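Read the structure below first, then the notes.
The values are calculated or read from the model by the stated rules, or taken from the named source; none is laboratory data. The shown structure was predicted, so the numbers you read here are calculated from the model rather than taken from an experiment. Cβ coordinates were reconstructed from backbone atoms using ideal geometry, including for glycine residues, and neighbour counts include every protein chain displayed.
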Amino acid sequence: PERPSIVQKERSVIEQYVRKLVLVDLNKRTYHHILKQFRKLNWEDPESVRVIDKTFTKIWKVKYGNIHLMTLIASCLMKYHQDFIVRIVDSTLEHIRVGLELNMFKYNQQRIAHVKYLGEMYNYRIVDSPTIFDTLYTIVGFGHEGGRPQPGRFTPLDPVDDYFRIRLVCTLLETCAAYFDRGSAKKKLDLFLGFFQYYVFTKLTPLPMEIEFNVHDTLQMLRPNLKVCSNLEEAATGLTEAMTTAFGELGLNHFEQEREEDDDERRE
Amino acid sequence: RDANVRTKFVIRRLPPLYTEAEFKNVTAEYINPETVEWSYYVQGKMHRSKSTPMTFSRAYAKFKDVESLIAFNKAFGGKVVKDARGNESAMQIEFAPYEKVPRTKVKVDSR
């Protein structure tokens, strides 16, 4: 035919090698060897560093089941290459944010992978729990007025019949929230679950079956004794209760104030 | 230093082809070794396929003190910049969601 054949992307030897390592060879028996190979790469050469950054940032290219191994490798590299770790965490968070801003269907799989990656980063102690909670609240509140989703209010970035954010939250919670079982992290998670259940009911109900199951499974896994709300009123009461336990009697006011302070800071 | 004070900024939504050199040039007065501890730039991208939205460039900077951070935000918050191909966008300055920066002392991997 007339048109030129599809040109294959040219990749340097090092890039081909790194890609083979993570895309083909990686599994739970080989990760140790692969970690060694990564340590042996030339970290002074900007080209190699670019390639390594790329493989660890484009996490959706890796098999989903291997994401935790990539995180494990990254966490082992943290000791010697901190700047590299900071860069991949920064870009993962940025990707999650951009995903919310664009909200394009074709990126859904990538977005799930990123959220999973972030959760694993908590499990391997690369990020701390505040980062996770920040992300959770961003996912639920982004694009909504004051970060607070409300029933019946239209938000172009998160329409009522778009349930994808629920899946993001469930994925993140299922990946790492099992560790939020004591101390302040537990309290924060209780509060978030209240908020999340409320969010779920700001959506068009009844929920599609698979989303509903997803939510139920997640809640069941994290808090087996939690009463699962079945409508908006219950969820609203639940949220108020959760806020009262979290902030004491003056709860609501305090919460509002804190939010406002946060907002002010952000605007500064 | 107080651990609760956040001083790492992310400067988002820089045009895709806006280069690191351009950025450094423009912000040199506020982002330089005297005011920031650590900073780096991520080049954005225009994609070959038109259906893929462009990737904005972004920069990260960890300031040494709150004053220089506020000064920078005052000078640049919402400023519109343009890259070589005429893409215009207003930069968005925010606290970086991940506060950490690498230690200055680096352990060398003996491999």
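Quick notes
- Considering the stretch A:108-152, the residues that are small (Gly, Ala, Ser) and over 15 Å from residue A:177 (Cβ atoms) include one that is farthest from the other protein chains (Cβ to nearest Cβ), namely A:152.
- For the stretch B:61-99, a tally of residues being without any contact (Cβ under 8 Å) to a residue 40 or more places away in the chain, among the small types (Gly, Ala, Ser) and under 30 Å from residue A:130 (Cα atoms) returns 3.
- The residues in the stretch B:48-85 that are β-branched (Val, Ile, Thr), surrounded by 13 or more Cβ atoms within 10 Å (Cβ to Cβ) and away from chain A (no Cβ under 11 Å) can be counted, and the count is 1.
- Checked against the criteria, residue A:20 does not count as within 14 Å of chain B (Cβ to nearest Cβ) and not hydrophobic (A, V, I, L, M, F, W, C).
- Taken over the stretch A:120-138, the criterion of being out of contact with any His (no Cβ under 9 Å at 6 or more places or on another chain) and assigned to a helix (DSSP H, G or I) is satisfied by A:121, A:122, A:129, A:130, A:131, A:132, A:133, A:134, A:135, A:136, A:137, A:138.
- Condition check for residue A:90: modelled with pLDDT of 95 or more, farther than 27 Å from residue A:214 by Cα and facing chain B (nearest Cβ under 10 Å): yes
- Residue among B:36, B:106, B:42 that alone is aliphatic (A, V, I, L, M), under 30 Å from residue A:36 (Cα atoms) and touching a strand residue (DSSP E or B) at 6+ places or on another chain (Cβ under 6 Å): B:42
- Subset tally (residues that are under 10 Å from the mean Cα position of the chain (by Cα) and on the phi > 0 side of the Ramachandran plot) for the stretch A:124-139: 0
- The number of residues in the stretch B:13-41 being under 16 Å from residue B:98 (Cβ atoms) and either at pLDDT 95 or above or not in a strand (DSSP E or B) (or both) comes to 0.
- Selection status of residue B:107, within 14 Å of another protein chain (Cβ to nearest Cβ), more than 28 Å from residue A:137 (Cα to Cα) and without any contact (Cβ under 8 Å) to a residue 24 or more places away in the chain: yes
- The combined condition, being hydroxyl-bearing (Ser, Thr, Tyr) and more than 14 Å from the chain's Cα centre (by Cα), is fulfilled by residue B:55.
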